[in-house]
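To keep things clear, I will list the structure first and then write my remarks on it.
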Amino acid sequence: MWSNILTTLFSMRFLLTIIRMATPILFAALGAFTAASTGIGNIAIESIMTFSALGGVLGSYLLNNAWLGLLIGLLIGILTALLITFFSMKLGADAFLIMIALNTFADSVAIFLLYQITGDKGTTASLPTPILYTWDIPLIKDIPILGEILSGHYVLTYICWLLIIVMFVVIYKTPLGMRMRACGLNPDAARTAGINVERLQVLSLVLSGVFAAFGGCYLSLNYLKIFSKGMVSGQGWMGVAANGIANGNYLSLVLSAVIFAVFRAVSIIFSSNSAFPTDLVSAIPYFSVFVILTAVSIINYYRVKSGKVEEH
Amino acid sequence: MKKLFAVLLAVLMIVSLVGCNKTPTPTPSGDDDGVTKIAVLLPFTGDQSYFDTLAIAAREVNDADNKISVDVLECDPNGAADESNWMGWYDNVCEGGKYDLVVSGNGTYEGFLYKAAEKYPDQMFYNFDRSWIPEGGIPKNVYAVDWALDDLGYVVGALSAAVTKTGTVGVVVGMESQDMNQFIGGYCQVLADAGVKYVISYPGSFTDTALGKEVTEDMINKGADVIWQVAGGLGNGVIDACSGHDNVWCIGVDQDQYLQFKDSNPAWANTILTSALKNTNVAFKAVCEMVANGTYKDKLGKAETWGIALNGVGLAENDYYLANASEEVRAKVAETLAKVANGEVEVVDTKAWDEATYEVEWPKVRDANRLN
């Protein structure tokens, strides 16, 4: 039995599962990171994913085109982000409270809209929806092993990895990214240097909304063919947690998001195995968040103590 | 601006508070107009399960019979199970004897029904899905039913064994609990007897559709070619995964899922061989009839199980099933149905066990021929 588990863990199929499961978490993590780079903790990722997942499907159904549906999903992500900035920056409300409010009512609002539009409170299964496809990369797909790893994924998975590279370049290699990070490190200093902090924060929140929206649309328009109530199921929160672990380090952001996906995939194996108490299966990914966060803070504590890095 | 915002927020809060207290306005009726009035109190509809089934049955009763009028009231859209809210609804429908029968049920909400039954001893109640019996037994103005899910699982297992070509089948159960395992006790039993391997997965969620899809892909990779889903919204992921493989059948749950998806999502519908039905609608309609003709009084104070014999549970025998299940398979299913209905086989029923027995016996049943 354990040998079965080990064979599964090191199989190609398991790797592909991880790639599929990592995509929404990576999108969410990217969203949280982009907002955090200018000093805004975006904890509304989960709700933005929910709204966009629903909006994407409805858009795709109404316009009869999956790409236009995706566009609608992204627009909804942007609008939600703008709503947050409107309340927090224009009206001076606490951004966290707004985001908590969004998360609290996201599922109910989604169900409400779903019911108004489809007459069904569970899924959009009654709407024939065009969906995005998987992509077989010509030439590469014929290479043994490598072709299997690189080719044939959902198209938004490719966009996800592309965006990860693009955002790395933007945040670390361009003047814009430098200014964004300056806002995050010390907004007052940035303001003194003539940077329009508020504008950059709005920009980063909007981008954050776009990435979260990609994550939602991946779930409902690409990976699955419907919106199903509660389908985001904490994947947005895992992205937020990945950002918490990364603490400003881009590589560890991507790594922790992938690790969460690995643990989600591991929970699949354990969910169908008598050797593991099934009550704990669904806790595995979240427990891994807890363990990693603890480990990271212990490491940081000793690094600060030994004087290798300064506390900030 | 801030002040305006504060005022707006205050208004919003007041409105939402008022919203909480909204009370139903059932159409009043005299008792002497010869119409049987029935109130169905559901927390919400749209669960793709028996709340929907009941709401549809209520509509059908209304359309078919002008001697019976059913009002469906959605009392708890968020499923908060707040006692004051529910008792408010009960007060409203029970006071003054407006209704001949008040219907509700489900483990989370039935406590309120039992409470209301105590408070309104002259009102008749019907509990459409009993999870437990209050201390001191079923109140004498309540008829409470549950479903022979153990038998249902047994039949699904027999069907799976007859259909599989790989000799391996699978079931996805939302969460592992004594109640949920009632679905699959008989399933494991019949498959072990038939020498068919089965994969059981408990993903630990009823909503995580993506997880449902991956769990199913894993099962299919292990060779399962008939997969039953007992997992609510997560089950949509199971159906999706099955629809991506040519030689894999999915078995739906609670309602006829082939009919559910036939028009909107043919790819999904065509992977669903049949569905394991919990016919809450059949029992509900029978109860409506009994109330109308006055025989319902005999049922009061009783707890009964609706099984195969009463058509309380069964398989969906739609055209698609008839076209795709071979005669052999159907004969096997008919034989199993008859055997279970006659009580020729003793089906494992986890719900009948006490906790200690469950702890000891369940792993034996579950792991009898389980493929890990």
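The values are calculated or read from the model by the stated rules, or taken from the named source; none is laboratory data. Note that the structure is a prediction, hence the values are computed from the model and not measured. Heads up, the Cβs are rebuilt from the backbone with ideal geometry, glycines too, and the neighbour counts pull from every protein chain shown. With ligands, DNA and RNA removed, areas are computed over all heavy atoms of the protein, side chains included. Shrake-Rupley method; radii C 1.70, N 1.55, O 1.52, S 1.80 Å.
Tabulated data
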read-out: Cα Rg, Dmax, segment A:2-305, angstrom units; value: 19.8, 62
read-out: Over segment A:1-120 - Rg/Rh using Cα atoms and the Kirkwood inverse-distance radius; value: 1.10
read-out: Per residue solvent-accessible surface (Å²) - segment B:162-252, probe of 1.4 Å; value: 25 Å²
read-out: Principal-axis tilt of helix B:234-243 within chain B, Cα atoms, nearest 10 degrees; value: 40 degrees
read-out: Counting all C-alpha pairs of segment A:209-312, share separated by more than 23 Å (%); value: 40 percent
read-out: Shielding by other protein chains, A:216-228, mean Cβ within 10 Å; value: 4
read-out: On Cα atoms only, tilt of B:110-119 relative to the major axis of chain B in degrees; value: 30 degrees
read-out: Inter-probe distance in nm under a simple model that places probes 7 Å from Cα toward Cβ, at B:GLU95 and A:ASN247; value: 6.0 nm
read-out: Percent of beta bridges antiparallel (DSSP, the protein assembly as shown, rounded to nearest 5); value: 15 percent
read-out: Span-like helix ranges in chain A, DSSP H, alpha carbon extent 18 angstrom or more, Kyte mean at least 0.0; value: A:12-37, A:45-63, A:66-85, A:95-118, A:155-173, A:197-217, A:250-271, A:284-305
read-out: Residues whose placed amide H lies under 5 Å from that of B:LEU315, excluding near-sequence neighbours; value: B:LEU277
read-out: Apportionment of accessible area to carbon and sulfur, chain A, percent (1.4 Å); value: 70 percent
read-out: Under 19 Å from B:LYS140, Cα to Cα: lysines that are on another chain or at least 8 residues apart; value: B:LYS115, B:LYS119, B:LYS297, B:LYS299, B:LYS302
read-out: Heavy-atom surface of segment A:2-305, accessible at 1.4 Å and reported per residue (Å²); value: 43 Å²
read-out: Charge dipole magnitude, Cβ of K and R +1, D and E -1 - the protein assembly as shown, Cα centre, debye nearest 20; value: 3020 debye
read-out: Stretch gain in nm, segment A:ASP142-A:THR192, where the contour uses 0.36 nm per residue and the Cα spacing is subtracted; value: 12.4 nm
read-out: Of B:ASN311, B:TYR258, B:PRO363, farthest towards positive along the dipole that unit charges on Lys, Arg, Asp, Glu beta carbons give segment B:216-372; value: B:ASN311
read-out: Residues losing 10 Å² or more accessible surface upon assembly, segment A:121-139, compared with the chain by itself, 1.4 Å; value: A:LYS121, A:GLY122, A:THR123, A:ALA125, A:SER126, A:PRO128
read-out: A:VAL170 versus B:SER326: modelled label distance in nm, points set 7 Å from Cα along the beta carbon direction; value: 5.8 nm
read-out: Drop in accessible area of at least 30 Å² in the complex versus isolated chain, residues of segment A:269-294, 1.4 Å probe; value: A:SER271, A:SER272, A:SER274, A:THR278, A:SER282
read-out: Assigned charges on the beta-carbon of Lys, Arg, Asp, Glu; chain B dipole about Cα centre (debye); value: 520 debye
read-out: Rounded FRET efficiency, nearest 0.05, which uses the C-beta distance separating B:ILE56 from B:ALA80 and R0 of 22 Å; value: 0.35
read-out: Rounded FRET efficiency, nearest 0.05, which uses the C-beta distance separating A:PHE290 from B:ALA338 and R0 of 56 Å; value: 0.60
read-out: Cβ-derived FRET efficiency at R0 45 Å, A:LEU97 paired with B:GLU317, nearest 0.05; value: 0.25
read-out: Counting all C-alpha pairs of the protein assembly as shown, share separated by more than 35 Å (%); value: 49 percent
read-out: Positive-pole candidate from A:SER37, A:TYR223, A:PHE14, dipole of chain A, charges at beta carbon; value: A:SER37
read-out: Rounded D (µm²/s) - segment B:125-267, Kirkwood Rh over Cα pairs, Stokes-Einstein at 4 °C, 1.567 mPa s; value: 81 µm²/s
read-out: Of all accessible heavy-atom area on chain B, the percent that carbon and sulfur account for (1.4 Å); value: 52 percent
read-out: Sorted peptide list for A:277-285, A:205-213, B:212-220, criterion being average Cβ within 10 angstrom, highest first; value: A:205-213, B:212-220, A:277-285
read-out: Globularity ratio of chain B, using Cα Rg and 2.2 N^0.38 Å; value: 1.07
read-out: In the A-B interface, the accessible area buried, summed over both sides, Å² (probe 1.4 Å); value: 3300 Å²
read-out: Lys, Arg +1 and Asp, Glu -1 on Cβ, resulting dipole of segment A:2-305 about Cα centre, debye, nearest 20; value: 460 debye
read-out: Those aspartates and glutamates that a straight Cα-Cα span of less than 14 Å connects to B:LYS98, excepting residues fewer than 8 apart in one chain; value: B:ASP31, B:ASP32, B:ASP33, B:ASP71, B:ASP122
read-out: Proximal charge balance of A:VAL170 [Cβ under 14 Å; K/R count +1, D/E count -1]; value: +3
read-out: Positions from segment B:208-229 whose accessible area shrinks by 10 Å² or more when the full protein complex is built, not the chain alone, probe 1.4 Å; value: B:ASP208, B:THR209, B:ALA210, B:LEU211, B:LYS213, B:GLU214, B:VAL215, B:GLU217, B:ASP218, B:ASN221, B:LYS222
read-out: Pairs of lysines in chain A (C-alpha under 28 Å apart; 8 or more residues apart or interchain); value: 4
read-out: Relative contact order (percent, whole number), segment A:2-305, Cα cutoff 8 Å, 6+ residue spacing; value: 33 percent
read-out: Signed unit charges on C-beta, dipole axis of chain B, positive-most listed residue B:THR216, B:ASN293, B:VAL190; value: B:THR216
read-out: Cα-projected label distance for A:TRP2 with A:LEU82, points at 7 Å along beta-carbon direction, nm; value: 5.8 nm
